[in-house]
Ligand SMILES: Cc1ncc(COP(=O)(O)O)c(/C=N/[C@@H]2CCCCNC2=O)c1O
């Protein structure tokens, strides 16, 4: 097969921003499907890494962006307040639990949002230490990589005062304790000793660790971690960029963990496919200084219009319930595939944030990195867009549009099953993967 448009991409656009798994060049999209250069309609189980929360070309979304573009309330909130931005801030404050005087910072991406938090908590509290988890992906800018722990960013500069700790993964548990209790003890020891809690400004968490492997923490872990942080006055930061905005069957993913974070970071799905992010947190942090974290188009009126359409549609079309219902359907169908495919080590997730971990041996749990690369390539050939994540690059990540239907979920499972069978049977030539290094 030939992919002329994809080849043009490779001769035109920078590879600095490539994370490629197969030769997909998209020319359009509608609903849960994207159109490939050969005209095929591919079922989009990624939704552009979770950003296209309403799918592609949703009428309410198109109408909102068109209206905002036809009478824009400026293009920036740096030096003029903007009605749609103010209203978005009010809505996010109303939708996000929290105590005391709070503010909302509006940005372009998860990266600039997390970078802003990492800088502001240190500057505002005078505490120079930060904590986050191995495997965490908080962004692709210097300041957000500085608080991340993902293997794909090995070698990037880390924040001076950063301490990384293992993420609680019941499938590959720290100290062989799937409950997470041993890990919490380890964290307590760190905060009482080498990483003094009194010097620590914030603890960055993902309520489901996504790029690290779509890992659902053990019950009660984050509630207990939040109690430990509160004892030291450490701010908890819930990075909801990928798993928030209704994706897991609750508006915010932290709501599954029975605790309220001090700071909440939203992105990706908030904009439905246009760049907008938000940080909701204490005024003592987010009003700490002026001219501290600003980019020209922050709070852009068109992007705010998109975000309003996302929030409206999530409510009007009951998309949180849909994520829970269709997610449960997907989860149980994928779990049932374990009968047929010994390569599936574990299926896990909440709502429409699902991971399928592939292994070469269920007993040893040896990660099946090569197989994962072939499965996603074969899925592409069969009509499905799905990528892999994980510190071992072996976890299929399903983050489809929140509008996904039951029939589309069933179609996805059938293609995943066929792709695993074909890849495991050697029907994907190694040569096809050349140039598609993935992570
Ligand atoms: C939990 C979480 N927090 C922050 C980010 C960074 O968001 P941006 O890529 O919008 O800057 C991300 C972005 N994740 C990456 C984006 C790069 C490609 C790999 N897949 C992702 O979802 C994220 O998952």
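Quick note: the coordinates plus some simple rules give every number you see, no bench work behind them. Worth saying up front: this structure is predicted, and the values here are computed from it rather than measured. Neighbour counts run over all protein chains shown; Cβ positions are idealised from the backbone, glycine included.
Roughly speaking, what is the centre-to-centre gap between the stretch 1-73 and the stretch 227-305 when only Cα atoms are used, to the nearest Å? One Cα centre to the other: 25 Å. Taking other Cβ atoms within 10 Å as a rough exposure proxy, 335, 154 sort from fewest to most as 154, 335. Here 374, 15, 369 are placed in order of increasing Cβ neighbour count within 10 Å, fewest first, which gives 15, 369, 374. The calculated FRET efficiency for residue 223 paired with residue 27, based on their beta-carbon distance and R0 = 35 Å, is about 0.15. Where does the chain land at 222 nm, in deg cm²/dmol rounded to the nearest 500, when only DSSP H runs of n ≥ 4 count, each adding -39500 (n - 2.57), divided by all residues? Only helices count here, giving -11000 deg cm²/dmol. Placing dummy labels 7 Å off each Cα toward the beta-carbon, the span from residue 425 to residue 35 is 3.3 nm. Footprinting exposure proxy ranking of 121, 428, fewest other C-beta atoms within 10 angstrom first, gives 428, 121. Segment residue 406..residue 369, full-extension length gain: 10.4 nm, with 0.36 nm per residue of separation and the alpha-carbon distance subtracted. Largest GNM mean-square fluctuation among 71, 394, 322, using the chain with Cα springs under 10 Å: 71. Here the alpha carbons of the stretch 1-123 define both size measures, Rg and Dmax, at 19.2, 59 Å. DSSP bridge analysis restricted to the chain gives an antiparallel fraction near 65%, rounded to the nearest 5. Extending 7 Å from the Cα toward the beta-carbon at both residue 8 and residue 69 defines two label points whose distance is 2.1 nm. Within the stretch 322-338, find all residues whose amide N lies under 19 Å from a label point positioned 7 Å from the Cα of residue 362 along Cα-to-beta-carbon. Taking a point 7 Å out along Cα→Cβ of residue 362, the residues of the stretch 322-338 whose backbone N falls under 19 Å are 331-338. In this rough spin-label picture, where each label sits 7 Å from Cα along the Cβ direction, the residue 316-residue 94 distance is 1.6 nm.
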